[in-house]
Each structure stands twice: as C-alpha cells, then as structure tokens.
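First the structure, in the form of structure tokens, and then the observations on it.
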Amino acid sequence: MSSKGVVWITGASSGIGLSLAKRYLYNGYRVIVSARHKGELAPLLEQNDELTFIPFDVSDNTQIESVRETLLSHTDHLDCVILNAGTCEYFEIDSPDWDMMQRIMSVNYLGLVHCVETCLPLLRKAANPHIVGVSSQAVQAAFTKTQAYGASKAAIRYFLSSLRIDLKKENIDVTCILPGFVDTPLTQKNTFPMPFLMPAEQAAARIERAIERRPYEYAFPKRLSVMLWLGRHFPKLWSALTAPKE
Ligand SMILES: NC(=O)c1ccc[n+]([C@@H]2O[C@H](COP(=O)([O-])OP(=O)(O)OC[C@H]3O[C@@H](n4cnc5c(N)ncnc54)[C@H](OP(=O)(O)O)[C@@H]3O)[C@@H](O)[C@H]2O)c1
C-alpha cells in the first residue's frame, strides 16, 4: 500500500473528480473512485493497480452498507475523502418542474450525506483524517434558474460547517470547496456566459493544493469571489443586472 495514504473520490468518472483522481494517482496515493458508471475512468482502471472503482449511486441510501463493505474489502482506513459527485438542472419559473428540487437535493445534498455515513467508520481509523465536500461559488450570491442547484450546494456548505464543529474532538478535519465555473460535462450544456471559466485540470490542481492546507473553506477563482461579494452586498443592483429580461 502507498505511503502517501488512501483517498476516496466520488463523482470521479468525468470532470473535476476525474482530474483529481489522476492527480492523486500521479502523486502516489492509493485511489478509490466512485460514480454510477466507469465513464472516462475505464482506460485508467486498466492501467493502474493503485486505482479501484466502486460503483455507488450516492442518492440511493440502500447502497450505503454494501459500499462500506466493499471499501473495507480494499482498505482498513481512509485518510481523505473528496465528496464531489453532483449534478445540475436549471429551473424554469414559466414551466416549473417542482420535482427537480427533490431530484437535485437527493444527489447533491443527501448524496454527500450518504457518503459521509458510508465512510466515517473508515476515516476514524486513519491517523489524520480529512473530509472534503464540493459545494459551489453559486452559494455566494443567487443566480437565475438555480433554485434547486444553489439550495443543494448551500445545504452542503452548512452541513459541512456543522459537521466540522462536531468532529473537532476526533481531530477529523472538514473542508468545503467552492469552485467557480469549470469546463466539464456539467457546464458544457450551459448557454450563458461563464466568467473566468477554467479547465478541469487547473481546477483539480487548485483543489489538491488547497486540500493540503486543510482550510475550512476554499473558494476559487478569487476574481469570481469578489464579483459575488459585490452581488451579496449590493443585492438590488445584482438582481437588476442578472434578472432575465422579458
Ligand atoms: N463544473 C463547474 O463549473 C462546477 C462549479 C461548482 C461546483 N461544481 C461541482 O463539482 C462537482 C463535479 O462536477 P463536474 O463539473 O466535474 O461535473 P461532471 O463532469 O458532470 O461530473 C459529475 C460526477 O458526478 C457523478 N454523479 C452524478 N450523479 C451521481 C449519482 N447519483 N451518484 C453517484 N455519482 C453521480 C457523475 O458520474 P456518473 O454519471 O457516472 O454517476 C460524474 O462522475 C459537482 O458536485 C458540481 O456540482 C462544478
């Protein structure tokens, strides 16, 4: 087993998670990856003994026990978990799909909670454990059509903040990552301008460096954080600038 440690990355079949899996592998970690499908992981899995795929639909809480058992069959502990699985849909107020709220919450928010439930016993066996959850800069100021996605990411942020307080006595660190726009299958369907869009590899490099420092939160890129800070502090102006026109 690698001396660098064991990391579990969810949502690793494409985008940010896939890039993170490649970086951790390259840097000598034992990497366990999950998603519903192998997707772009398939060729990597054939070439790397240090990479293990465990299928997990994070929205399905009936899979928690079996995924934990499978994790335990590969490792007796986890040093770091990066809970990154997520999805996005945009809400249309003129033809509302209210079921979207439940769909997105079950994957993004409850999915992350299910992952914490799955891996906490294995983290407790590590010397210096770390839980990392992926929220979004979308929580910093409201955007149009993001009622479902934004609420799920805000719920993640609050859940992790509270978890951090309660896990302090066990020395389990908790970090919340707030990415800006990253070029992945999730954003490639967007038709609106995405300021400061960056490649997934660049986002993964920033996230990996931040994880080493174990901050409570890491929001990037800073230019977007500043823009959203203004939006939060001047909500009427933000709303006037971002509201869809008739
Ligand atoms: N791209 C951005 O601009 C951006 C910005 C802020 C935050 N984020 C967040 O970053 C994370 C990664 O997103 P991405 O941009 O890299 O998107 P992506 O390429 O679409 O990756 C999403 C990953 O989540 C997995 N996933 C989706 N539903 C799942 C489910 N029910 N169970 C298990 N895995 C599931 C997908 O795999 P399967 O389909 O095989 O299950 C895939 O591996 C997400 O949480 C997203 O909200 C992204």
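Full extension of the chain between Asp49 and Arg103 gives 15.9 nm of extra length, using 0.36 nm per residue less the Cα-Cα distance. Using only side-chain charges placed at the Cβ, +1 for Lys and Arg and -1 for Asp and Glu, the dipole size of the chain relative to its Cα centre rounds to 960 debye.
Among Val226, Val31, Val58, the largest mean-square fluctuation in a Gaussian network model of the chain, built with springs joining Cα atoms closer than 10 Å, belongs to Val226.
Summing charges over all other residues whose Cβ lies under 12 Å from the Cβ of Leu178, with Lys and Arg as +1 and Asp and Glu as -1, gives +3.
Let me check against my output: what whole-number percent is the relative contact order of the chain, with C-alpha pairs under 8 Å and at least 6 apart? For the chain, the relative contact order is 19 percent.
For the chain, the longest principal axis of the C-alpha atoms and the axis of helix 64-74 are separated by about 50°. Fewest-first ordering of His74, His130, His114 by other beta carbons within 10 Å of each residue's beta carbon gives His74, His130, His114. Positive contributions from Lys and Arg (+1) and negative ones from Asp and Glu (-1), summed over other residues with Cβ under 14 Å from the Cβ of Asp97, come out at -2.
Between the Cα long axis of helix 147-167 and the first principal axis of the chain there is an angle of about 50°, rounded to the nearest 10.
Each residue, Ser73 and Glu217, gets one label point 7 Å from its Cα in the Cβ direction; the gap between the two is 4.0 nm.
Partner aspartates and glutamates whose Cα lies under 17 Å from the Cα of Lys145, excluding those fewer than 8 positions away in the same chain, are identified as Glu89, Glu92, Asp94, Asp97, Asp99, Glu246. Taking other residues whose beta carbon is less than 12 angstrom from the beta carbon of Pro199, and scoring Lys, Arg as +1 and Asp, Glu as -1, yields -1.
Listed cross-link partners Lys125/Lys168; Lys38/Lys222; Lys153/Lys222 are compared with a 22 Å cut-off, the Cα-Cα value being larger for Lys38/Lys222.
In this simple spin-label model, placing a label point 7 Å from the Cα along the Cα-to-Cβ direction at both Gln188 and Thr87 gives a separation of 1.8 nm. Each peptide in 63-69, 167-173 gets a packing score, the mean of other Cβ atoms within 10 Å over its residues, and the list from highest to lowest is 63-69, 167-173. How far is helix 15-26 tilted, in degrees, relative to the longest principal axis of the Cα atoms in the chain, given as a value from 0 to 90 rounded to the nearest 10? Helix 15-26 sits at roughly 30 degrees to that axis. With a Förster radius of 35 Å applied to the C-beta separation of Ser66 and Ala243, the computed FRET efficiency comes to 0.15. Largest GNM mean-square fluctuation among Leu197, Leu160, Leu71, using the chain with Cα springs under 10 Å: Leu197. Which one of Arg223, Arg214, Arg124 has the biggest mean-square fluctuation once the chain is modelled by GNM with Cα springs under 10 Å? Per the Cα network of the chain with a 10 Å cutoff, Arg223 tops the list.
Where a number appears in this text, it was derived from the coordinates with a stated rule and is not lab data. Because the structure is a prediction, the values reported are computed rather than measured. Virtual Cβ from ideal backbone geometry, glycine too; neighbours counted across all protein chains shown.
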